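> Have a look at this one before I ask anything.
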Amino acid sequence: MDKKWTYAVVIFVYLSYTILATKRNTLNDVSQFLIEWEDDGSDMCYQMTSATWNYITNLTEYNKNKMLEIHSLNSKFDRVSWKNAISMRWNRNLEPLTQRQVKLLSMKRHYALNDTQFSELQQLIIDMKDIYAKARICTFKAAFSTNCELSLDPDAQRILAKSRDYEEQLHVWRNWRDSVGPFIKPKYQRYIELINESARRFENAGYEERSIYELPDLESELATLWTQVLPLYKHLYTYVRRRLVQYYGTWRIKPDGPIPAHILGNMWAQSWKHIIDIVLPFQGKRRSDFTSEMLRQGYTAHKIFQVAEEFFTSMGMKPMPAEFWRHSMIIKPEDRAVVCKSSAWDFCNGKDYRIKQCTEITMDDLFTTHHEMAHIQYYLQYSSQHLIFRDGPNPAFHEAIGDMILLSVKTSKHLHRIGLLNNVTDDYETSIDYLMEMALDKVAYLPFSYLVDLWRWNVFRDGTNDMNQKWWDLRFRYQGIVPPMSRNENDFDPASKYHIIADIPYAKYFIGLIIQFQLHESVCVAAGHVGPLHTCDIYRSTEAGKLLTDIMSVGASLSWREVLKIATHGKSSRLETRPMIEYFKPLQNWLEIQNQDEPIIGWVISRPESVQNERLERTNSATHRSCGLIIFKLLLLNAILMTEEKDTKSSSNSRTLKLICLTTLTFQNAAYIQIYKYSRLGQQEDLYTTSTVICVAEFLKIDMLHMSIPAVTYILMTNLMYISAIHLDVLTFQIVNQLKIPATVFFSILFLGSSFRKTQYLSIVILFIGVLIVQLSEIDDRTTKNFTDDTTKITSLSNKTIGVVTGLVACVLSGFAGVYFEKILKSTSHSVWVRNVQMSLLSILPAFLTAFAQNWYNISRKGFFYGYNELVWIVIFLHASGGLIVALSVKLADNISKGYATSASIIVSSISATIILHYKFDYMFACGALLVVISIPLYTFNFNSSKIKPLKLPSEGHECYI
């Protein structure tokens, strides 16, 4: 008979039992029900697990459909079983073990819904998972890239873990949330309605979830635990924030405030282990990655699994059965697509257990294999229990056991014993580094693992209004974490976490963190360990193995409190934070010393939940000062222009005006790129479109006398300049920009017939060499530092190449346009005003066409002026006023002098970038910049004569001075 019909018959039988159970609910009836459920349930579990395994290890549409078909039958089977268990649960004549079986069966969630509602709920969960799985984001600076296929894992996760570029981290953080939250939110709101309906036996779904822990007030118990570990977390938090402030600067992180959520090396800021390079207490004392030693010793995937198995058998525990080695997937197949995420599998038949893992020969995979094999060991130990008892006594135990094993495996003592470390170094500094690394993974995870279900339970209780605000309220209150930009109810940031949208309760991870240290202390005592708890290794301890066997073998047949009593030899049956605090006590003592000068341990909690507004206020304060300075400069330049128009024949006036004009150009050029970069940081929730800035600047140029150059050439050059500025840091952009001078020299000779002294040619050569030296130097601009991933390195180099190439093309176009404009100004009688109005009018149309061609989607969706703030307007005014200054420079001097004036802006940029943006540059960069500076007076000073040689232009006999 086809299995599908077999399951249909099974379901029919259970429907019959539902009717009979209301009439015959004797002890014999219950026992018979449980016996039949055990047989049919084991078979159903095996079929469902097999179908899932087949799909996960061979991603075909056929396997997917078979899996969904079996899952549908299993849901129907579970619903029938649940209805029978509910009808039997209230029989007080049942034996304790039978009563517990019935109780656990009746705790299955969602089955109180009718068929239509149940199907709708299942479909909603599937749809939300599907949105999550298919979500993709674009690479950073995607306007110049076609790669918009970055997935959460591994792409986005890897970038947040390895990148130290504040803007790139922000881009990934924001776009992942924007790609899932708004699409999931309406489905999640309906999910909440249905989930509460399914828990109608309770006050809301939160009460139903908490009931499995068999505590009258789980929320109060968890709140007490959190209060006990809070001092440890606050000291860790304070130290980490201080190091982040030192790294990123006070402009981005306030020394006593919360930490932006995107710079902690993890999509959800739940683990901070990836920023160990920033916060490591003692450089050079951290235990090195022993992957190279594994490779040297010829480790294979099979050997990694053998080493993990030997850890358990050395304690007298069970070896892996033959089926495990025969059926497990321990390397990635080359002939089919698979899901590589590591997992342990129990096929419910008492003999078939497997691990699915795409093993690589790395330290991390060695640890992961131990963790997954701990799950298999748990399966083996409770395999003789009834099917309903083949699980942990509460949802936290399985993960707690796996993580507890790693507390031994990761010690230097254990790694030395298995031959992967040559010696054991347990000096104070090494211990603090090790504990810091562990704390970044475990202590940092405590508040997040606690607050996720607090948020869910609040939504179950209070409804779906203000869900996003409540999420960030909890993140701020418990983690000290805030979003790096403003968020509102159009966003749905909780959906960025898979467990929330996949209907997976999360409190088990918080409880598991507490339990793992309780169990670790117990097995270390059994092993006879002496010394700090963080140095304990239970490897080869049969006493520890016996205690673990006692804990695991009972499965869920006893309550978790009874299991804790076994683990602690009767000393305690409660959750206790003392072992965890004891484990990290040396680190906490060290942190207290490091933080003794801090005015606040933790974060100021009386301020708004986002630092974005405060950051913008600080930005606006600087903006107001800048605005005043710029307005002053513009008034001064207007006065200069009026004077120049009235009296350009006065030699002394001309020299004075020339000096003022070139000096102003120097500061304008330095300020322009700095404030442009700031404007790309200050407005971070959605950045303005740079092409619209060019359009607005063109309108302003009509009134501000921007330099007249061929319109199309000018627009092309300006857009290329923006692309270059986006892809390069401030200093590199300024240096590349200096190549305008050689281009200007070439076009001056070609168009104007200019001639130059030998010292001027020498200065140009020195300038070019200086540019090359700076370009070859390693500039630590905090964007490529610590990129160890090859793909990330390639991407970083690719972005820099784009910036350099577009910058060079812009320089050539600038040289051409500038000399062409100079020739027009000095060979005709038309005023600067007329020429500027003419060319500005010609530039507006191409500017608008370029803006809409490049950014039609953003402009049509958000508006032309979306993202504009005071900083953006400063950029526009600097852009436009730069044209006025250049026009005067060309009129009073020449294009080459103007170019050298912009070179002087390197000094200003270097000083401001070092102070404000925290750039660091090496001696090679300093030497190159020095050559650029030396070339400026070398060009302008005439060693042979103080006379200025007039150059006759072919048209109308006008003179220009070189």
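The values are calculated or read from the model by the stated rules, or taken from the named source; none is laboratory data. Quick caveat, the model's predicted, so the values are computed rather than measured. Positions of Cβ are backbone-derived with ideal geometry, glycine not excepted, and every protein chain shown enters the neighbour counts. Keep in mind that these areas ignore ligands, DNA and RNA; they rest on the heavy atoms of the full protein, side chains included. Shrake-Rupley method; radii C 1.70, N 1.55, O 1.52, S 1.80 Å.
Condition check ((1) at pLDDT 95 or above; (2) within 18 Å of Gly402 (Cα to Cα); (3) of a type in the set (S, T, N, Q)) across all residues:
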site	(1), (2), (3)
Glu521	yes, yes, no
His529	yes, no, no
Glu543	yes, no, no
Asp550	yes, yes, no
Val554	yes, yes, no
Gly570	no, no, no
Ser573	no, no, yes
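> Additional query: Would you confirm, using the coordinates I've provided, whether Thr227 is touching a residue at least 60 places away in the same chain (Cβ under 8 Å) and open to solvent by 50 Å² or more (accessible area, probe 1.4 Å)?
Numbers: touching a residue at least 60 places away in the same chain (Cβ under 8 Å): no; open to solvent by 50 Å² or more (accessible area, probe 1.4 Å): yes.
Judged against the criteria, Thr227 is not a match.
> I would also like to ask the following. One residue is enough: does region 121-135 have a residue meeting the conditions touching a Leu at 6+ places or on another chain (Cβ under 8 Å) and farther than 25 Å from Glu489 by Cα?
So far as region 121-135 goes, no, none of its residues is touching a Leu at 6+ places or on another chain (Cβ under 8 Å) and farther than 25 Å from Glu489 by Cα.
> Separate question: Out of (1) at pLDDT 95 or above; (2) part of a loop (DSSP other than H, G, I, E, B); (3) not basic (Lys, Arg), what's the single condition that is false for Leu421?
Tallying (1) at pLDDT 95 or above; (2) part of a loop (DSSP other than H, G, I, E, B); (3) not basic (Lys, Arg), Leu421 fails exactly one: (1).
> Are any of the residues in region 712-725 farther than 17 Å from Ala929 by Cβ, modelled with pLDDT under 70 and of a type in the set (A, V, I, L, M, F, W, C)?
Within region 712-725, one or more residues are farther than 17 Å from Ala929 by Cβ, modelled with pLDDT under 70 and of a type in the set (A, V, I, L, M, F, W, C).
> Only residues that are open to solvent by 50 Å² or more (accessible area, probe 1.4 Å) and assigned to a helix (DSSP H, G or I): list them for region 56-77, please.
Once the filter is applied, which keeps residues that are open to solvent by 50 Å² or more (accessible area, probe 1.4 Å) and assigned to a helix (DSSP H, G or I), region 56-77 yields Glu61, Tyr62, Lys64, Asn65, Lys66, Leu68, Glu69, His71, Ser72, Lys76.
> Could you pull out the residue among Gln101, Gln117 that is open to solvent by 20 Å² or more (accessible area, probe 1.4 Å) and polar (S, T, N, Q)?
Step by step, each of Gln101, Gln117 is checked, and only Gln117 is open to solvent by 20 Å² or more (accessible area, probe 1.4 Å) and polar (S, T, N, Q).
> Is it fair to say Arg574 is open to solvent by 50 Å² or more (accessible area, probe 1.4 Å) and under 17 Å from Tyr213 (Cβ atoms)?
The answer is yes for Arg574.
> Right, another one. How many residues, within region 132-148, are surrounded by fewer than 17 Cβ atoms within 10 Å (Cβ to Cβ) and at pLDDT 85 or above?
Summing the residues that are surrounded by fewer than 17 Cβ atoms within 10 Å (Cβ to Cβ) and at pLDDT 85 or above in region 132-148 gives 3.
> So which pairs qualify, if the first residue must be in region 590-604 and closer than 14 Å to Pro258 by Cα, the second must be surrounded by 10 or more Cβ atoms within 10 Å (Cβ to Cβ) and of a type in the set (Ser, Thr, Tyr), the Cβ gap must be under 8 Å, and the two must be at least 6 apart or on different chains?
As it stands, the answer is Ile600/Thr238; Ile601/Thr238; Gly602/Tyr237; Gly602/Thr238; Trp603/Tyr237, since those pairs meet every condition given.
> If you don't mind, there's one more thing I want to ask. Could you please give the count of residues in region 241-263 that are buried (at least 18 other Cβ atoms within 10 Å of the Cβ) and without any contact (Cβ under 8 Å) to a residue 60 or more places away in the chain?
2
> Restricting attention to region 457-473, does a residue exist that is in contact with a Leu (Cβ under 8 Å, 6 or more places away or on another chain), aromatic (Phe, Trp, Tyr), under 30 Å from Trp560 (Cα atoms) and in contact (Cβ under 8 Å) with a residue 40 or more places away in the chain?
The answer is no, given that none of the residues of region 457-473 is in contact with a Leu (Cβ under 8 Å, 6 or more places away or on another chain), aromatic (Phe, Trp, Tyr), under 30 Å from Trp560 (Cα atoms) and in contact (Cβ under 8 Å) with a residue 40 or more places away in the chain.
> Among the residues of region 493-505, are any more than 25 Å from Glu309 (Cβ to Cβ), surrounded by 20 or more Cβ atoms within 10 Å (Cβ to Cβ) and acidic (Asp, Glu)?
Checked region 493-505: at least one residue is more than 25 Å from Glu309 (Cβ to Cβ), surrounded by 20 or more Cβ atoms within 10 Å (Cβ to Cβ) and acidic (Asp, Glu).
> Let me ask something else. Output the qualifying pairs, or none if there are none: Cβ atoms under 7 angstrom, residues six or more apart or on different chains, first residue in region 322-336 and of a type in the set (D, E, K, R), second residue assigned to a loop (DSSP other than H, G, I, E, B) and exposed (fewer than 14 other Cβ atoms within 10 Å of the Cβ).
Here the result reads Glu323/Lys351, each pair linking region 322-336 to a residue that is assigned to a loop (DSSP other than H, G, I, E, B) and exposed (fewer than 14 other Cβ atoms within 10 Å of the Cβ).
> Can I ask one more? When the residues of region 748-770 are filtered to those that are modelled with pLDDT of 75 or more and open to solvent by less than 30 Å² (accessible area, probe 1.4 Å), which remaining residue is farthest from Phe733 (Cα to Cα)?
Filtering region 748-770 for residues that are modelled with pLDDT of 75 or more and open to solvent by less than 30 Å² (accessible area, probe 1.4 Å), the one farthest from Phe733 (Cα to Cα) comes out as Ser748.
> If you check Arg210 against the conditions, is it out of contact with any Ser or Thr (no Cβ under 8 Å at 6 or more places or on another chain) and of a type in the set (Lys, Arg)? It would help to see each step written out before you state the result.
Details: out of contact with any Ser or Thr (no Cβ under 8 Å at 6 or more places or on another chain): yes; of a type in the set (Lys, Arg): yes.
It is true that Arg210 is out of contact with any Ser or Thr (no Cβ under 8 Å at 6 or more places or on another chain) and of a type in the set (Lys, Arg).
> So which helices (runs of 4 or more DSSP H) are wholly in region 196-290 and hold at least 3 residues that are basic (Lys, Arg)? It would help to see each step written out before you state the result.
On the way: elements: 205-211, 218-248, 276-279.
Output list reads 218-248.
> Take Arg190 and decide whether it is buried (at least 20 other Cβ atoms within 10 Å of the Cβ), in contact (Cβ under 8 Å) with a residue 24 or more places away in the chain, basic (Lys, Arg) and assigned to a helix (DSSP H, G or I). It would help to see each step written out before you state the result.
Values: buried (at least 20 other Cβ atoms within 10 Å of the Cβ): no; in contact (Cβ under 8 Å) with a residue 24 or more places away in the chain: yes; basic (Lys, Arg): yes; assigned to a helix (DSSP H, G or I): yes.
Considered against the rule, which asks whether it is buried (at least 20 other Cβ atoms within 10 Å of the Cβ), in contact (Cβ under 8 Å) with a residue 24 or more places away in the chain, basic (Lys, Arg) and assigned to a helix (DSSP H, G or I), Arg190 comes out as no.
> Please go through (1) modelled with pLDDT of 90 or more; (2) under 30 Å from Gln469 (Cα atoms); (3) of a type outside the set (Gly, Ala, Ser); (4) open to solvent by 40 Å² or more (accessible area, probe 1.4 Å) for Val180 and return the number of the only condition it doesn't satisfy.
Condition (4) is where Val180 drops out.
> Further, regarding this structure: In region 468-492, what residues are surrounded by fewer than 23 Cβ atoms within 10 Å (Cβ to Cβ) and assigned to a helix (DSSP H, G or I)?
Those that are surrounded by fewer than 23 Cβ atoms within 10 Å (Cβ to Cβ) and assigned to a helix (DSSP H, G or I): Asn468, Gln469, Lys470, Trp472, Asp473, Leu474, Phe476, Arg477, Tyr478.
> Further question: Does Ser220 satisfy being touching a residue at least 12 places away in the same chain (Cβ under 8 Å), open to solvent by 10 Å² or more (accessible area, probe 1.4 Å) and among the hydroxyl-bearing types (Ser, Thr, Tyr)?
Here the answer is no, as Ser220 does not meet what is asked.
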